[in-house]
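The values are calculated or read from the model by the stated rules, or taken from the named source; none is laboratory data. Computed from a predicted model, the values in this text were never measured in an experiment. In this analysis, Cβ positions are derived from the backbone assuming ideal geometry, glycine residues included, and neighbour counts consider all displayed protein chains.
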Amino acid sequence: MSKIFHVMYDDDAKVMTAAGKLVGQGIRVKDVYSPFPIHGIDPVIGIKRTRLAICSFMYAMTGTSLALLGMWYFMIQDWPMNIGGKPSFTLLENVTAFIPVTFEFSVLCGAHGMAITYLLRNGTLPGMPASNPDPRTTDDKFVVEITTDNNSMSAEELEAAIRATDLLELSIKDA
Amino acid sequence: MQREAAIREPLILGHKTYKDITDDVVGPIMGPAPLGWKIMITISSLIAVYGVGCILYLLGTGIGVWGLNKTVDWAWDITNFVWWVGIGHAGTLISAVLLLFRQKWRMAINRSAEAMTIFAVIMAAVFPGIHMGRIWVSYWVLPLPNQFGSLWVNFNSPLLWDVFAISTYFSVSLVFWYIGLIPDFATIRDRMTKPLPKKIYSILAFGWSGRAKHWTRFEEVSLVLAGIATPLVFSVHSIVSMDFATSVIPGWHTTIFPPYFVSGAVFSGFAMVQTLLLIMRKGMNLENYIHVKHVEYMNIVIIVTGSIVGVAYLTELFISWYSGVEYESYAFINRFSGPYSWAYWIMMTCNVISPQLFWFKKIRRSLVATFALSIVVNIGMWFERYVIIVTSLHRDYLPSSWGEFHATNIDIGIFIGTIGIFLTLFLAFARFFPVLALNELKTILKSSGESYKNEQAK
């Protein structure tokens, strides 16, 4: 029977110490729920750096290309207009006038693309149910989640190790 | 954990715990609406209704109901537009630029400053919208395939750049604001006991649970959005200034406009933040979070940007003489000595002289003086745009068509009305939204909370 341990702490420093101690004993921490980002916890519990910034760059470059392609089509290819004698025959000649819109459109795509990716990857979308184990974790409590599934220790051994940390509450549920 | 020099004033006063921060911010949302709030929102929504009435009258009758004439064909409409966009800039500056510079004091004010940005940009967008006359075809500003042959919008025009700039700015600010709000909505959701509000906040919270991986992503997204919102905010007001600077009207045709407008925007935006927050901190008992040090920091930004604006005014005057162009010189001589000299001197007094009072530490740290001066700056920055726009237009190349602009009741009604709509939106925000970035504030409690700092100092 696999079990889920929800270990509650009342301070972020205690979470850091406890997580370090547990990981040091070879225990894998599944997740940490906290009201605010605990700086420095990611490498301890094995969370890799997010690649969202790379996504944003790619979305922004898509925006740049689309903006230039669009303006080339509207202003150069489809219907070149003589506006105040400004050059309208090649993209290269006219590109200086297109820089503001290119920039704005790149930012638009980069920002919104990244925001949408962020929400989808998190699974945080309108109407989604909350999955924090205890409502106090959005206030002032911190919960470390450990399961027997991704640990080689038995439930008893895990519980003993967990109880050795400076915890506030422990809840054990069957998965 | 980060440490901060002991001599720095703490950013969070009082002996707060994590729970106290939640209680102080979420408490007012869960409790009944205070009487003062009810009175204020009633007054501001009545003004808003009057403004909407004026707008509907304008749409039904045509823009002839404004005081515009053949010579002064742009006046209050574009003045109000630039004024509102400028006010909006402080929100992005506080949340994006100060985030990049790791200024922790931004956390107490960024949420409400961003709300102010969003509402101010909505108000700004009203003016070009209604100035089109036929607002129902306002989608023609977008390059859409159409039945008029291949009729595309003009991508060489700064007015079209503005369409892209303002819509990008508005939507990116909205996303930036909302992503920050999600964890705070989750806090409200988990504390709310009444079923209907709980349901609404749980929809707004998007199912946020505060997992470690989500927080990592949250911080990355905030940082990248700050990184791209910073050039965005500079580009937006630069483009607004190019609406004027790329024309060949003496008084507008100057290369100094983009930096001058950007610093003016930050200047007026911070003044508006002061006006709103000084009332809000009192009304919502947030004195421990937004205290004199925060006000002082903002006043320092006001001195710096106000002085940049002052230098820009003087540079304009000097260059108009140094250029040797008769028309250019006349535009500026006419500005400070012509029929609109009263507006010019109001602008000079409010924007250049009055903020210099903030060099005195006593004044800079006085809440009453700050509030009074913030109103003065708001007025001064409105007059700056009025001076630039109306004085440059009212005497053009042909003396036979020289004229003056007289605002009508509809001009005034729409402007006052947008202030009413803005205040109504802001008051609604203050009542139902977490007005401080409460979960972000918890991250600085241990490095900059008063009791923690005192302990470290021992």
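Details
- Restricting the stretch B:108-137 to residues that are part of a helix (DSSP H, G or I), free of Cβ contacts under 8 Å to residues at least 40 places away in the same chain and hydrophobic (A, V, I, L, M, F, W, C), the residue that is surrounded by the most Cβ atoms within 10 Å (Cβ to Cβ) is B:VAL137.
- Residue that is surrounded by fewer than 18 Cβ atoms within 10 Å (Cβ to Cβ) and under 19 Å from B:PHE119 (Cα atoms), where the choices are B:ILE375, B:ILE412, B:ILE421: B:ILE375
- Considering B:PHE206, B:PHE185, the condition of being at positive phi, in contact with a Leu (Cβ under 6 Å, 6 or more places away or on another chain) and modelled with pLDDT of 90 or more is satisfied by B:PHE206 alone.
- Test: A:PRO135 is under 23 Å from B:ILE179 (Cβ atoms), under 33 Å from the mean Cα position of the chain (by Cα) and at pLDDT 85 or above: yes
- Test: B:THR187 is within 26 Å of B:MET284 (Cβ to Cβ) and more than 21 Å from the chain's Cα centre (by Cα): yes
- Test: residue in the stretch B:188-195 that is assigned to a helix (DSSP H, G or I) and under 28 Å from A:SER106 (Cα atoms): no
- Every residue from the stretch A:1-35 that is of a type in the set (Gly, Ala, Ser) and under 24 Å from A:PRO135 (Cβ atoms): A:ALA13, A:ALA18, A:ALA19, A:SER34
- Those residues of the stretch A:11-47 which are more than 21 Å from B:TRP208 (Cβ to Cβ) and out of contact with any helix residue (DSSP H, G or I) (no Cβ under 7 Å at 6 or more places or on another chain), in sequence order: A:ASP11, A:ALA13, A:LYS14, A:THR17, A:ALA18, A:LYS21, A:GLY24, A:GLY26, A:ARG28, A:PRO43, A:GLY46
- As for the stretch B:8-21, it holds at least one residue that is away from every other protein chain (no Cβ under 14 Å), of a type in the set (A, V, I, L, M, F, W, C) and part of a loop (DSSP other than H, G, I, E, B).
- B:ASN439 part of a helix (DSSP H, G or I), of a type in the set (S, T, N, Q) and within 14 Å of chain A (Cβ to nearest Cβ): yes
- Unique residue being more than 26 Å from the chain's Cα centre (by Cα) and in contact (Cβ under 8 Å) with a residue 40 or more places away in the chain when the list is B:ASN334, B:ASN351: B:ASN334
- Taken as a whole, the condition of being among the polar types (S, T, N, Q) and modelled with pLDDT of 85 or more applies to B:ASN154.
- Some residue of the stretch B:197-220 being within 7 Å of chain A (Cβ to nearest Cβ) and closer than 14 Å to B:LEU93 by Cα: no
- Considering (1) over 27 Å from the mean Cα position of the chain (by Cα); (2) more than 7 Å from chain A (Cβ to nearest Cβ), the lone condition that B:LEU223 does not fulfil carries the number (1).
- The lone exception for A:LEU66 - which of (1) aliphatic (A, V, I, L, M); (2) over 23 Å from A:MET114 (Cα atoms); (3) modelled with pLDDT of 90 or more it fails: (2)
- Of the residues making up the stretch A:100-133, those that are closer than 28 Å to B:ILE239 by Cβ and of a type in the set (D, E, K, R) number 1.
- Complete set of residues in the stretch B:108-150 that are under 30 Å from B:ASP24 (Cβ atoms) and not hydrophobic (A, V, I, L, M, F, W, C): B:ASN110, B:ARG111, B:SER112, B:GLU114, B:THR117
- Selected residue (criterion: nearest to the other protein chains (Cβ to nearest Cβ)) from residues of the stretch B:138-163 that are free of Cβ contacts under 8 Å to residues at least 12 places away in the same chain and in a helix (DSSP H, G or I): B:TYR139
- Against the numbered list (1) in contact with a strand residue (DSSP E or B) (Cβ under 7 Å, 6 or more places away or on another chain); (2) surrounded by fewer than 20 Cβ atoms within 10 Å (Cβ to Cβ), A:GLY127 comes up short only at (1).
- Of all the numbered requirements in (1) surrounded by fewer than 13 Cβ atoms within 10 Å (Cβ to Cβ); (2) at the interface with chain B (Cβ under 10 Å from one of its Cβ atoms); (3) over 30 Å from B:ASN156 (Cα atoms), A:GLY84 misses one, and that requirement is (3).
- One residue alone among B:LEU393, B:LEU373, B:LEU357 is in a helix (DSSP H, G or I) and within 22 Å of B:PRO250 (Cα to Cα), and that residue is B:LEU393.
- Residue list for the stretch A:120-175, filter: hydroxyl-bearing (Ser, Thr, Tyr), under 15 Å from A:SER34 (Cβ atoms) and not in a loop (DSSP other than H, G, I, E, B): A:THR137, A:THR138
- Filtered residues of the stretch A:23-53 (kept if among the aliphatic types (A, V, I, L, M), within 15 Å of the chain's Cα centre (by Cα) and either part of a loop (DSSP other than H, G, I, E, B) or more than 10 Å from chain B (Cβ to nearest Cβ) (or both)): A:ILE38, A:ILE47
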